[in-house]
Structures are given as C-alpha cells and as structure tokens.
Amino acid sequence: MAGSISTTSGTTAVHVDVACAHCGLPVPEGYVEHGAATQFCCAGCRTAYGILHEHGLDQYYGFADRRTSPVRASGRTYEEFDHEAFRSLYVITTPEGLSRVELFLEGVHCASCVWLVERVPLLLPGVARAELNVGRSLAAIEWDTNSVALSQVARALESLGYPPHPYLGVRRDEVRRKEDRTAIIRIGVAGAIAINVMLAALAMYSGWLTNGIEAPYERFFRYVSLVLTIPAILGPGRVFFAGAWAALRTRTLHLDLPIAIALGAGFGRGVVNTVTDTGPIYFDGVTVLIFLLLVGRFLQQRGQRAATDASELLYSLTPQGARVVDSDGRVRELPAAALLPGMLLEVRAGDTIAADGIVTDGRSSIDLSLLTGESRPVTVEQGTTVFAGTLNVASAIRVQIERAGEESRVAKLLRQVEESTRRRAPVVVLANRLAGWFVGIVLVLSVVTYIVWASVDPSAALDNAIALLVVTCPCALAMATPLAVTVATGRAARRGIFIKGGDAIEALSHPDVLILDKTGTVTEARVSLVHWDGPEWAKPLVLALELESTHPIADGFRRAFSAVAPTGESVGQPAGQPMASPTVLHTVEESTHIAGGGIVGRVGGRGVVVGSPSFVLHQIGRVADASTAGTRAAPPADESLTPVWVAIDGDVVARAGMGDPVRADAAGSVQALKAAGWTVRLLSGDAEPVVRSVGRALGIAPDDCRGGATPEEKLRVVEDLSRTHRVVMVGDGVNDAAAIAAAAVGIGVHGGAEASLATADVFLTTPGLQPLVELVRGAGNTMRVIRRNIAFSIAYNIVGVALAITGTINPLVAAVMMPLSSLTVVLGSWYGHTFDRPSADRPSADRPSADRPSADRPSAHRV
C-alpha cells in the first residue's frame, strides 16, 4: 500500500493515500508502520482484519461497497447478555433446542455487511445461524448455549464493527409471522376453491346460454360445486360466521352479520337447489365473496398493524445494560432489569444513563434533548440529579441509583404515553360509521321483501330475499375505505411517509391546530457553527483539538471545519504559519477537557484554548471583560446562540456562535400549512428566548410560541386544546411522546426517538417539514377518493336493493353484480390520485438522505 508522510514547520501532515486496509480511511502518522504491507487507522480495524484473514473471509474486501468507518472497540464485555434477566426478556428457545435472539446492529448499510454478519457461524463454533435484515439492521442469531455464550457472539459482532443491541420485539414478531402465515394460507385456500367453482359455474352458464347442457352433466357440476364450497364455508369462511356470532352475543350490528347471513342463505339455497336439481346454485358467488373479503381484511390488517407496536418499542429508549461498581471497586455489567436503588453506576462519556440518580463523583455535561427538548447540554456535578435516558457527553461520572426501571421518570412518562394510546378510540373509518345502519336496513329490507313476495308469488319470495342479501352484501362498502387507505399509505411510504391508520388521514384532511416541537423538528437537532469571526488559519488548529472531544460543540466544529481548504494567508496570520488542507491533520501533543468550560491543549506546538468566554479568559489569565479579548467584532446579539471563544498562544483570535439551525425548508413549509388553513404553533422544552427567535424565523406569532415546557406540560397543552380543536402534534423526542399520543394525530419526524415514533400515527423518514406539507395534501386527496368510493357503494346498493325488491334480478344476477361492484371500488382506489410518485431527485424511504447525520464520529489519536 503506497503512502507518504511529510513534516512542515513542526506540523505533521498525513496524506489520504495512506489508507487503512480494513476501512479505507486515512492512517494517522502514529499508526503508520513503515515497510508493512498493510496499514491500519486503529486497533479495532487491525483486529477485524486479522479475524477475517485468519478465517479465510478475505472475500469481504472484494465488495465495491463496504464500510468506510473505523471499527471502534467499546471495551464492553457484554456479560449482561448472559444474565438470566436478559434471557427472560429477549431470548426464546427454538423447536430444535437452540436459543434465538434478535439484535439491532450499528453500522449496517450494504450487501457486504450482510455477507460478513452471516459468516459469524464460521468464526464461533456453536453459532448455528446468523441472518441479517439489512433494511432494519436486525440480526437473528441462533446458538447452542452449551458451546458458546451470547456475550462471546456480541463481542465477535463488535470486533467486526457491528455493536449489538437487544431487540424486545422477537416474541411479537414470532406471533405475527404465525398470524400472517395462517391468513395467507386461508386466502390461498379460498382463492383455489373460488377458481375451481367458477370453472364449474362457467360450464353450467355456457350450457344454459346455449340450451345444450345435458341433465347428468349439469347435475355433476352442481355436486362438484357443492363439494368444493363446503370446505370454503367451514374453513376460510368460518371467520365471518365467528364474527357474526360474536356480534349476536354482544348485541351489536357488525359487518360480519349480513356477510354471514348472505353466505349462509346463499349456501343453504344452493344446497336445496342442488338436491332438487332446480334453480341457480350460488356457490360461485359465495366462494368469490369469501376470497375477496379475506384479501381486503388482510390488507387492512397489514396497513394498520404498526399502530400496535407502541408497547414493544417504548422501553427501547433506556440502555439495556449498565456498568455497576461493586463495594470492592470492581466494575461489572448488568442488564437494566437487574438494577436496584442504592447501586453505584459508572457512566462513561458517550453512555446513556440507565436509571435516575444523584451524581456522587465527577463533573460532566449531559444532553437532555431526548427527554426535555433542551438543545444545549447542561453541566452536572456532585449532588446533581440525573435521569435515565439522558446522554453523558463529556467525561465519566458515577451515579447512585435512586429510581430504576418502572419508577424512573422516563418510565412514568412512557406509562402516560401508553395510557393516552389506550384512551384513544379504535381506528374508525367512514365505512364503519355506516355499518350499523347499513346492516340493520339490509336485514329489515330482506324480511320485508320475503313477506311481500310471499303474498304475491311464494315461489319467488326466498329467491328475491336472497338476491337482496347477496347484491347488497357490504363487500364494496367494506372495501371502499381500507383499499383506498392501503393504496394511499403504500404510495405515501414510497415518499418516505409512513401512515399507520385511516383515522390519521381523515383527521389531517380537516385543517385545525398544528403544534410543532422545535428541537429536531423545525431545527436540525445538532449543534452547528452558525457564526464565525476569526482567521482561516485558526480553523485547522481548532479542528485538530476538537477531534479529541465527544462534546456536541466539538461535533459542530468538526462538521464545519472538516472541509477547510487553503486560500492563501488571512489577515492577521502570523508569519510562517502553515496552511492546512482537508487532507492534513495537525499533531495534538496534549489535550484536556474541562466539563462545563471547554478544552485546552497543544496543537502543532501551539497553545490552543476553545470554550466559553469566561473559561477562555480564565485560561489565558485575563479578566473576564470583553474589552480585553482583542478588537475583533463580537458576533450578533442572538440569544439563541452559544458563544464560544478561541485563544491561541494566549491571545483571543476568534469568536464563534454555536446553535441549532432552522431547517432550510421550515419557513416555506409553515407558510404553506398556514395557506392550507392550519393554525401553526411552536411548543418546546428549550428556553423561551430561543423558541421565540425560531418562531420569528418561521413567521409564527410570539403568542403562538411557548418555551420551557416539560413533557407533562406539553401533554396538558395538547389535552386542553383537544377539548375544542382537532390537534395535530409533530415532534421527535421522548418529551413529545405523551403529547403525540394524546393528539388527534401524532406525527414523528425523521431521526426521532423510538418512543415518539412508536406512539405516532405518522412517521416521516425524510428530514425537514416539506414531507409534512405533502402529508396534509395527500390526506385531502385520499379522503376525496374514499368519499367517491363510498358514494359509489351507496349508489350501487340503492340500485341493487331496488332491482332485488322488484324482482328484476334473481340471485344469479345478484351474485354476478356483487364482485363487479367490488372490482369497481378496487380500480377506483388504485387509480385515484392520492400521493405523488417519488421524483428522481428525492431520497427514497430506504435510501439515506444526504443531510442525514452519520452515526460515526471522526476519530483522533493522542500522541
């Protein structure tokens, strides 16, 4: 592998042509081995390369598209994966006696990941099978507990660059697979029977039309149809009779009731006509009806199934394991389910806190945005209360547990979410609103028809009553809404908009009050460099130092300065100061991160300090007065920005303003929503000045902007407004989850917490607010298609009732008309305009957007 290293004015430059043999990233100078055939950027990549080479898996490097991020070892032992509490939650036993677990894997993105993960059985004897769903980043592992421990499997996955996390939905998915398998078998059997009965009916109809079928053959086809229809009634069709019986027991009118009556009457009359060798047999209409209704029911169930996912996803927010410090000082890992009050936790930088407690040792910064919506990290020290689900971003701390598991603040908030979800009425579409009246009217009319015709022509009374039941069978009405919703949700999904039920579409078609969360919804939910007042030559020095930190502000500098290119010497640049290109890294001799202040270090032989104004002035030994910081102009007085100063060799040379920038499409989208009739409000847990500043940028009135709202207050605001308005809540954090669940429609946005997405009725996978505008527009179009379908169904039933009551049609014609009406509804739903097709320049739902933040952070190595 070719590579070169050059040194200029005490600054070490590492060129990109020295690439890591495993991930392909540049190799820092300290890791370059002169004369070695392979070079590695870190120990993790060296380990992964060695494992693959040792087991003959070098074919991995033949993939054109493979991981381009280093393998970072966390040092975890994953011993909590072997704990009994973990097994009871996540592991199931297969019929073969093996253990099975499903794990979320980080870093999965392409076919090479699938190839590599599915070769884990070659690395560890005792692992029977490993399958990876790349779309969901979900790996199914089956292993023999007597041969290998799950913790070994987890360490092997991490050594390959795929840190694993447990997935709680394994049991739910197993039940769903069984349900789907049963439903598909039922549909397949019904379809096969319907085809064969239709073939027999076709032979009979042909004979009747030509008056040429002989009596023995007609009788043969009658009995063949009867024999085929019996299993259709007793098998796939049994679900409708069970539903009808349940409706009778509960004294409610359900759509299954007229379906069951029509099926029973048609089948009964067909049996009588078959035995007496007279009249139509109805078996073709009965079997086709069973098949079509089963298909419609299956599509509706699949389209609305996501609404039941909340209970399984809610508790994936908090970490599933934690580091516990024993009385002898030994640190061991335990599953979160085994944590108890009084235990002492060690929470390292980058870890999520597993329980509520008090900091007993250390000082750090905590990211509360997931829980409170606060965009700026807050400083914690000894005696500060911290909460489960928040992220430690600066340095290691120790926390004594006060409340764990169900008693933690986040668990109580999630229980409120579940309660709000249960209080919400079931999904009610327009067809079900008409069902009670429709069923009652059909039953009454069929009885009236029979009575009237019994006095006029007794021989036609039963046929006319059955014809009415068959022709007015609510197949078209029952399918009008779910089919339109299914087609619309499918098209929306291709636009990156996932809708869980028809009730959300209906509510979104009526403009009312729409509440937006700020952090992550209208802003990018990440600290970014908004203002820079300083020389260009200082940027590479700041970048090199900030590579040593995991703080969100450091991440903002890294994204802003990662593409710094030389443009010549800047004003005020010291003579001889070398310029840096994006392919050059300055050597960091030392660095120290001060929690709540900033970072101090030596970069390329120069002293660099980056942090808050008071921290920087203190470090360089000056009085905290802006007048001592040089003559450079201060950044704009924007309360929404966090000031960060840069001092080099004892002089303040730059000032920066860090903030959470508003998304580029936010202002235009808000104006489009207002034009559509929506009242848009801003509700956030962030500081009031920050929220009002964002509101001004979006064109939202100050009275409609509220900051400092806790999750409980957000819930109360939504509940209060819901008494007089139809409220739509849009958010991304756990602090929004309860409000999202309580709203008429809850919308979770791209990058949101799983708890908010689990309770949301709609999930937007594409960043920005433009998908929200598309959602509202598409919902209105879908409702127009639904109303058209229902209007046709009602008109068809009115005409059918009139024809059946007057004796114009017989049951045979009614059986032919029934599937034709359903076909019309299907075509109307399919060709109706709901959501636009995805354009070529728009990211699809399964392709990452260009502005989607990477899960991998830049790495640096201290010298």
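Each value in this text was obtained by applying a stated rule to the coordinates, not by laboratory testing. Note that the structure is a prediction, hence the values are computed from the model and not measured. All Cβ positions, glycine included, derive from the backbone under ideal geometry; neighbour counts span all protein chains shown.
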Extension length gain for Trp830 and Gln382 (0.36 nm per residue less Cα distance), in nm, is 155.1 nm
Pseudo-spin-label distance Ala664 to Ile794, built 7 Å along Cα→Cβ, given in nm, is 4.7 nm
The FRET efficiency for Arg348 and Thr710, from their Cβ-Cβ distance with R0 = 30 Å and rounded to 0.05, is 0.60
Cα convex hull volume per residue for the stretch 255-299, in Å³, equals 51 Å³
What one gets for the stretch 659-703 as the Kirkwood radius, inverse of mean 1/r over different Cα pairs in Å, is 11.0 Å
The correct pair for the stretch 643-747, radius of gyration to one decimal and Dmax as a whole number, both in Å and from Cα atoms, is 17.3, 62
For the stretch 485-561, the Cα gyration tensor yields equivalent-ellipsoid semi-axes (√(5λ), largest first, whole Å) of 43, 15, 10
